[in-house]
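Beneath this line is the structure, given in structure tokens, with notes to follow.
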Amino acid sequence: MTTDQRFPVARFNSEPTPFYYYDLALLDRTLEEIRNASAYPGYHVHYAMKANANPAVLSRISAAGFGADTVSGGEIEAALRNGFPASGIVFAGVGKTDAEIELGLRAGISCFNVESAAELEVIEQIARRLGVKAPVALRVNPEVDAHTHHYITTGLAENKFGIAMTMLPAMIEKATSSDSLTFRGLHFHIGSQITDQAPFGLLCDRINALQDEYNARGIHFDTINVGGGLGIDYENPDSHPVPDFRSYFDTFHRRLRLRPGQQLHFELGRAVVAQCGSLITRVIYVKDGVARKFAIVDAGMSDLIRPALYEAHHKIENLTGHGPEEKYDVVGPICESSDVFGTDELLPRVERGDLFAIRSAGAYGEVMASRYNLRRLPATVVSQ
Ligand SMILES: *Cc1c(COP(=O)(O)O)cnc(C)c1O
């Protein structure tokens, strides 16, 4: 595949940089693949909006029939504005404010994923005051031994997310006995950028055991929500433009014993949008250091913070360079030494004015952009 087939470089030349480029045809292919791979009875995918809330992206995802997983009042509003029906919106997060809860109840969203007893109490009070019933699911820490698999980040240790298994019975009792609450089921989310199916299999085993235990006590769950977390290939975006959704959904189909009529919800974020986005940036200077060469670009950590925040690496391409490959440190203009996109990147010889694509930037990119150093927020260009 040549560069020109993937990127409209001629068009890029007339756009002010840096900007986010979204390949909506790839997004559509990804959505189609998710739809096909998840076509089992009762399976529903809610897109985790925190990964990318660009209106062009959101409207494609809502048009494809997916729901939305939101974590703030702002995301609920953006979901409604961009075509998601209230009946397809779920609301998660440890710190839902009274105003956000009221917004969700008035809009008639389909579920609050509750993370503490204190929150359940407040949702109940607000629902009572509004004269409505709040649909709730309880987010449980699956207590899968962290040593069993290093990808599982929630593990045994107490953290701010979710409800400990030991506190669950009292909260189910509360959720099922209140006139102002409708108990929907259980919610889990074990981590992010998980590229191996094993942790998801372990989650299934844990849920099977939990369901057996609670069913024996006469407690049933209408909905099981297994969260998101499926990872993508950051190093080879062109060999894996669409993540392996078949293996992912088949893991749940094989390992999770759903009860008759039970709904299984998924909340994929990164896997849906990461590969369709690139941050396009222009080289301002090539700086010869003592032993290194720096390609100083006009995008910085304010536009894509993942490398600085998580030591993440995104594949970098020189879209306009043609010479022999040389090694460069690709750095941004921001006054922070962590404003580095890559070190020792092998790139066709770089010249001032070259255009770079920083790949796989569709998830946790634009949404995390800031105006640090009083820079303009990056613009958006979408494929035509
Ligand atoms: C962030 C998050 C997701 C999405 O995670 P991805 O790794 O982007 O798939 C899903 N559910 C919850 C509760 C989250 O916090």
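The values are calculated or read from the model by the stated rules, or taken from the named source; none is laboratory data. Predicted model only: the values in this text are computed from it and were never measured. When we count neighbours, we look across all protein chains shown, and the Cβ atoms used for this are built from the backbone with ideal geometry, even at glycine.
Any residue at all in the stretch 35-44 that's part of a helix (DSSP H, G or I), crowded, with 20+ Cβ neighbours inside 10 Å and modelled with pLDDT of 95 or more? Yes: one or more hits.
For the stretch 75-87, enumerate the residues that are away from the ligand (no atom under 15 Å from the Cβ) and touching a helix residue (DSSP H, G or I) at 6+ places or on another chain (Cβ under 9 Å). Steps first, answer last, please.
Taking the stretch 75-87 as the starting set, the residues that turn out to be away from the ligand (no atom under 15 Å from the Cβ) are 77-78, 80-87.
Result: 77, 78, 80, 81, 82, 83, 84, 85, 86.
For the stretch 277-296, a tally of residues being under 24 Å from the mean Cα position of the chain (by Cα), more than 14 Å from the ligand (Cβ to nearest atom) and not aliphatic (A, V, I, L, M) returns 2.
Kindly indicate whether residue 52 is of a type in the set (S, T, N, Q), within 16 Å of the ligand (Cβ to nearest atom) and more than 17 Å from residue 137 (Cα to Cα).
On the way: of a type in the set (S, T, N, Q): yes; within 16 Å of the ligand (Cβ to nearest atom): yes; more than 17 Å from residue 137 (Cα to Cα): yes.
Here the answer is yes, as residue 52 does meet what is asked.
Yes/no matrix, rows are residues, columns are (1) surrounded by fewer than 17 Cβ atoms within 10 Å (Cβ to Cβ); (2) acidic (Asp, Glu); (3) within 16 Å of the ligand (Cβ to nearest atom); (4) more than 23 Å from the chain's Cα centre (by Cα):
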site	(1), (2), (3), (4)
229	no, no, yes, no
236	yes, no, no, no
248	no, no, yes, no
267	no, yes, yes, no
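Each residue in the stretch 202-248 was checked for being assigned to a loop (DSSP other than H, G, I, E, B) and either closer than 22 Å to residue 275 by Cα or of a type in the set (A, V, I, L, M) (or both), and 19 pass. One residue is enough: does the stretch 95-105 have a residue meeting the conditions aliphatic (A, V, I, L, M) and closer than 22 Å to residue 378 by Cβ? Looking through the stretch 95-105, none of the residues is aliphatic (A, V, I, L, M) and closer than 22 Å to residue 378 by Cβ. Among the residues of the stretch 266-292, the ones that are without any contact (Cβ under 8 Å) to a residue 40 or more places away in the chain and outside any loop (DSSP other than H, G, I, E, B) come to 2 in all.
Just checking, does the stretch 248-268 include any residue being at negative phi and among the small types (Gly, Ala, Ser)?
So far as the stretch 248-268 goes, no, none of its residues is at negative phi and among the small types (Gly, Ala, Ser).
Within the stretch 56-143, considering only helices (runs of 4 or more DSSP H) that don't extend past its boundaries, which have at least 2 residues that are more than 21 Å from the chain's Cα centre (by Cα) and at pLDDT 95 or above? Because the criterion is at least 2 residues that are more than 21 Å from the chain's Cα centre (by Cα) and at pLDDT 95 or above, the helices (runs of 4 or more DSSP H) in the stretch 56-143 that meet it are 98-107, 117-130. Among the residues of the stretch 59-74, those that are more than 15 Å from the ligand (Cβ to nearest atom) and either closer than 22 Å to residue 42 by Cα or of a type in the set (A, V, I, L, M, F, W, C) (or both) comprise 62, 63, 64, 65.
Of the residues 312, 295, 299, only one is modelled with pLDDT of 95 or more and not in a loop (DSSP other than H, G, I, E, B); which?
Details: 312 fails: not in a loop (DSSP other than H, G, I, E, B); 299 fails: not in a loop (DSSP other than H, G, I, E, B).
Answer to the selection: 295.
Is the stretch 205-226 home to any residue that is within 16 Å of the ligand (Cβ to nearest atom), over 30 Å from residue 105 (Cα atoms) and small (Gly, Ala, Ser)? Within the stretch 205-226, none of the residues are within 16 Å of the ligand (Cβ to nearest atom), over 30 Å from residue 105 (Cα atoms) and small (Gly, Ala, Ser). Can you confirm whether residue 94 is in contact with a Lys or Arg (Cβ under 7 Å, 6 or more places away or on another chain) and within 12 Å of the ligand (Cβ to nearest atom)? So residue 94 passes the test. For the stretch 59-71, the criterion of being among the small types (Gly, Ala, Ser), more than 19 Å from residue 273 (Cα to Cα) and in contact (Cβ under 8 Å) with a residue 24 or more places away in the chain is satisfied by no residue at all.
Going through the stretch 172-195 one residue at a time, which ones are more than 14 Å from the ligand (Cβ to nearest atom) and either free of Cβ contacts under 8 Å to residues at least 24 places away in the same chain or assigned to a loop (DSSP other than H, G, I, E, B) (or both)?
First, pick out the residues of the stretch 172-195 that are more than 14 Å from the ligand (Cβ to nearest atom): 172-185.
Within the stretch 172-195, 173, 177, 178, 179, 180 qualify.
Of the set (1) assigned to a loop (DSSP other than H, G, I, E, B); (2) away from the ligand (no atom under 16 Å from the Cβ); (3) over 18 Å from residue 195 (Cα atoms); (4) at pLDDT 95 or above, all apply to residue 304 but (2).
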